Amino acid sequence: MLKATLASISIEILANRLDSPRKLSFGPDGALYVAEAGRGGTGASIPSPSQPGALLSYGATGAITRIQNGVAERVVTGLPSLALPDGGDAAGVSDIEFDKDGNAYAIIGLASNPANRDNLQVPDFSQLIAIDRFDGGSSWTRLRDFGAYEQNNNPDKQDVTTNLYDLLIKDNTAYVLDAGANDLLQRAFGGDLNLEAVFPPRTTMNPLTGESVVWQSVPTSITEGPDSAFYVGELTGFPFQTGTAQVYRLNAEGEPEVYAGGFTNIADLAFDQSGGLYVLEYDADGILSGSDAGSLIYVSPDGKTRTTIATDELINPTGLALDSNGDIYISNKGFIAGQGEVLRLKRETPFSPDPIYDQVKRYTTTITADGDPADIYYPVLPNSTPDQLPIALMLQEAFTDKADYSNYAKEVARYGFVVVVPNNERTLTLMDGQPLSGLLAEEQQVNDVLDQIKLEDADTASPIFEIADTTNLGLLGDGFGGFVGLAAIQNIIRSASTSDYTRPPELKAGIFYGTSFQTAANSGTFPTIDNQDIPTGLIAGTLDSINDFGEVASTYVKIQDAPKALIAIEGANHYSIANTDNPMLEPNRPTLDQATANGTIGRWSGLFLRAHLLGDQGAFDYVYKTGGDLDPNVSIISQNSPAQIWLNFISS
């Protein structure tokens, strides 16, 4: 799982002057879309459900606002709205969601008996609609009348009321949470409407009369959990008692089971990538308290720890969304016309050099171009997105089997990479004319492996289907494999490769262990390495007797272009990167145990590639600024040009 820690939060206003903003969702264009319930108008009226004697009047003042590149713009207008004369207590569009093809859908609330729609003569209330265009106009298509279902069925057997409040789209099916009817309905696009769950009432005491009163659930939020189950949060009805709102998990039979309790007036839910749950409270002290302050609470993945993220900054918040960076977006002042806001809460999290993912899977494939078997390691993703994991190709030491790198490859994969470890069997001719056959890396593997991963990323049967970022390739290497990797970065052939080689544009960085780049073995002559601005790192064990530290350091000096780094692992020998030491070939005995050395080499390889393939500023700072002081087994020499690095990354 992706690990997350909470730290200080900065809050900024992305949009203001909104009319009763409710739920928000990210669209396929990366923009944030906000449902505005509106401010009603001067049209036909129906009784207010919350203020006896008051009326809610119709107006076409609902809207959907798009926030993109710092600009907030109403891209759909004229949606139906009901509100008090001052624009408060509005009912209207309450959520917008997108299907996998990018089509947009929304739901319109009502908060009344669906029969009251006859007085309004506006059929859109309590409907699922499709948004036709985002051009600022008023074009949508009614898809299904959910109010009629409540009127005809009333599954919770309480008062006949409908208020569509949250929408979730999964597998070409719309799941609609009706806060008025206390149920969850689903409708496959083009199919029938079906009941998924009913949320039960409870009995409590009316604080005004002391009499027993039926207390409705009022479900307000639905989200999909890391286990693919649905989780639902409830506002609770009158008397809105503190600490009594619950988060339900729907079991396989669709029955709600309590997942977590002790909340107050839940408005929305969202899981982060680690499986932790954010719970947004509409009123942290209870709706009848007289205070409007909400709260955002984080529940740790194991459910044992709760942390309050924000309180007084939130005024009756109604919607919650997270982006891929872990930033939090909240609809604030959700029942106030003209004063609604969208806030962004940025998590300022201290950088951790620990692996990003806990679990790694492996499978074996065949590289089509050359018939090489290859082991592929990739992290188990709690929430995968397309093109999420760059490729890291491991080029092996001469005559070293791919299986010997399994621990190292797993460690690198845990930092967010598809790690490919081939066995490249070939024959080359030595300078004396004698053939040499065995497991020997060559430059052409770079192109062959890249082509193979592109095929597997596009194959629906592949374990890495659509999760590999085939535009970003990094090289790993050990000994002779690192020598080949340095040649590949320079777009040259130095290993008597059996094929022509042209460096692919996808090759963006490389980091190699126990590697010396000499004109000939033990020649003492180190040519300039024209890495052409490709970030290049070397890791050296201080007890390596095969490519000793002096040879690796001499190679580092010849790397022409920054950024570059030389990372020394104190007490590691040449085989510290492998699963086991090799006393027959490496006479120097390591003083750093194999597991620690293996993990250290993998960690620094993963961090180096994260810095340069994923633009991870925290990893970059750790490699080039702070890590050498924090890791007791490591010392670093480096050169970097951060401004140019980030300019290149942003423009790539």
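The values are calculated or read from the model by the stated rules, or taken from the named source; none is laboratory data. Predicted model, so just to flag it, every value in this text is computed and none were measured. Counting neighbours? That spans all protein chains shown, and the Cβs are built from the backbone with ideal geometry, glycine included. Calculation scope for accessible area: heavy atoms of the full protein, side chains included, ligands and nucleic acids excluded. Shrake-Rupley method; radii C 1.70, N 1.55, O 1.52, S 1.80 Å.
Mean separation of Cα pairs under 8 Å and 6+ residues apart, divided by the residue count of the chain: what relative contact order is that in percent?
Working: 1766 pairs, mean separation 56.5, N = 652.
Here the relative contact order equals 9 percent.
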> By average Cβ neighbour count within 10 Å, what is the ranking of 408-414, 500-506, 244-250 from highest down?
Replying inline: 408-414, 244-250, 500-506
> Which of the lysines could a cross-linker bridge to K346, judged by Cα under 18 Å and excluding same-chain residues fewer than eight apart?
Replying inline: K3
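Give me the number: length gained by fully extending F189 to N491, i.e. 0.36 nm times residue separation minus the C-alpha to C-alpha distance, one decimal in nm.
Working: separation 302, 0.36 × 302 = 108.72 nm, distance 5.24 nm.
Taking 0.36 nm per residue and subtracting the Cα distance, the gain is 103.5 nm.
Express the carbon and sulfur contribution to the solvent-accessible surface of region 378-448 as a percent, rounded to the nearest whole number, probe 1.4 angstrom.
Details: 1200 of 2460 Å².
After summing per-atom areas, the C and S share lands at 49 percent.
Filter the cross-link list K454/K508; K23/K361; K361/K625; K410/K454; K304/K361; K100/K410 down to pairs whose alpha-carbon distance in this structure exceeds 25 Å.
Check vs 25 Å cut-off fails for K23/K361; K361/K625; K304/K361; K100/K410.
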> In whole Å, what is the distance between the alpha-carbon centres of region 183-251 and region 495-573?
Replying inline: 61 Å
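Is the shape of region 456-544 best called rounded, prolate or oblate, per the rule: a/c under 1.5 gives rounded, else a/b larger than b/c gives prolate, else oblate, with a ≥ b ≥ c the square roots of the Cα gyration tensor eigenvalues? Intermediate values should be presented prior to the final figure.
Working: a/c = 2.26, a/b = 1.84, b/c = 1.23.
It comes out prolate by the Cα gyration axes.
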>> Across region 382-522, what fraction of all alpha-carbon pairs, as a whole percent, falls in each successive 5 Å bin from zero upward?
In response: 2, 10, 20, 23, 20, 13, 7, 3, 2, 1, 0
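If you average over every viewing direction, what projected area does the convex hull of the Cα atoms of region 214-345 give, in nm²? All intermediate terms of the calculation are to be shown ahead of the outcome.
Details: hull surface 32.8 nm².
With every direction weighted equally, the projected area is 8.2 nm².
With r defined as the distance between the Cβ atoms of T502 and I637 and R0 fixed at 41 Å, what FRET efficiency is calculated, to the nearest 0.05? Write down the numbers at each step before the final one.
On the way: r = 32 Å, r/R0 = 0.77.
After rounding, the FRET efficiency stands at 0.85.
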> If S605, S10 are ordered by their accessible area, calculated over protein heavy atoms with a 1.4 Å probe, which sequence runs from highest to lowest?
Replying inline: S10, S605
> What are the residues whose amide H is under 5 Å from the amide H of R74, where those residues sit 5 or more places off or on another chain and H is modelled from the backbone?
Replying inline: R66
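To the nearest 500 deg cm²/dmol, what mean residue ellipticity at 222 nm is calculated for the chain from DSSP H runs of n ≥ 4 alone, each contributing -39,500 (n - 2.57), summed and divided by the residues? Spell out each step's value before the answer.
Values: 10 runs with 91 residues, N = 652.
So the helix-based figure for the chain works out to -4000 deg cm²/dmol.
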> With each label point set 7 Å from Cα along the Cα-Cβ vector, what nm distance links Y363 and N251?
Replying inline: 3.3 nm
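Need one number: % antiparallel among DSSP beta bridges in the chain, to the nearest 5. Could you put the intermediate results ahead of the total?
On the way: 125 of 152 bridges.
Expressed as a percentage, antiparallel bridges in the chain total about 80.
By per-residue mean of other Cβ atoms within 10 Å, what is the highest-first order of 300-312, 148-160?
Numbers: 300-312: 13.1, 148-160: 16.6.
Per-residue Cβ counts within 10 Å, averaged per peptide and sorted highest first, yield 148-160, 300-312.
Just the projected area, averaged over all directions, of the convex hull on the alpha carbon atoms of region 529-652: how many nm²?
7.5 nm²
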>> Taking the Cα centroid of region 303-326 and of region 394-414, what is the distance between the two, rounded to the nearest whole Å?
In response: 42 Å
> How much FRET efficiency would the formula 1/(1 + (r/R0)^6) give for T596 and N383, where r is the Cβ-Cβ distance and R0 is 35 Å, rounded to 0.05?
Replying inline: 0.65
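Which value, in Å³ per residue, describes the convex hull spanned by the Cα atoms of region 582-627?
On the way: hull volume 4.4 nm³, N = 46.
Hull volume normalised by residue count: 95 Å³.
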> Under a 5 Å amide H to amide H cut-off, with H placed in plane at 1.01 Å, what residues pair with R144 once short-range neighbours are removed?
Replying inline: L128
>> What FRET efficiency comes out for L55 versus N16 if R0 is 30 angstrom and r is the Cβ-Cβ distance? Round to the nearest 0.05.
In response: 0.60
> Using θ = phi - 60° and the Karplus form 6.51 cos²θ - 1.76 cosθ + 1.60, what ³J(HN,Hα) does each residue of region 503-509 get, whole Hz, x for Gly and Pro?
Replying inline: 5, x, x, 6, 6, 10, 6
>> Please compute the length gained on full extension between M584 and T42, using 0.36 nm multiplied by the number of residues separating them and subtracting their Cα-Cα distance.
In response: 186.1 nm
>> What figure, in Å² to the nearest 10, do you get for the accessible area of F134 with a 1.4 Å probe and non-protein molecules left out?
In response: 60 Å²
>> If I model a spin label at D561 and T429 as a point 7 Å from the Cα along the Cα→Cβ vector, what separation in nanometres do I get?
In response: 3.4 nm
> In bins 5 Å wide, starting from 0, what share of all Cα pairs of region 285-415 does each bin hold, as a percent?
Replying inline: 2, 7, 12, 14, 13, 10, 9, 8, 7, 6, 5, 4, 2, 1, 0, 0
> What do the square roots of 5 times the Cα gyration tensor eigenvalues come to for region 169-262, in whole Å, largest first, as semi-axes of the equivalent ellipsoid?
Replying inline: 28, 14, 10
>> Give me log10 I(q)/I(0) at q = 0.15, 0.17, 0.24 Å⁻¹ for region 343-430, Debye formula, one equal scatterer per alpha-carbon, no solvent.
In response: -0.65, -0.77, -1.22
> If you build the Cα gyration tensor of the chain and take the root of 5 times each eigenvalue, what three semi-axes come out, in whole angstrom, biggest first?
Replying inline: 59, 23, 22
>> Spelling out what I want: for every residue of region 252-257, take phi, set θ = phi - 60°, compute 6.51 cos²θ - 1.76 cosθ + 1.60 (Karplus), and round to whole Hz; glycine and proline get x.
In response: 4, 8, x, 8, x, 10
>> With the crude spin-label approximation of a point 7 Å out along Cα→Cβ, what separation in nm comes out for A130 versus S352?
In response: 4.5 nm
>> If you consider only alpha-carbon coordinates, what radius of gyration and Dmax does region 460-604 have, in Å?
In response: 15.9, 50
> Considering only protein heavy atoms, what per residue accessible area in square angstrom results for the chain with a 1.4 angstrom probe?
Replying inline: 39 Å²
> Sorted by accessible area with a 1.4 angstrom probe, largest first, how do K170, K100 fall?
Replying inline: K100, K170
>> Give me the percent of accessible area attributable to carbon and sulfur for region 54-166, probe 1.4 angstrom.
In response: 41 percent
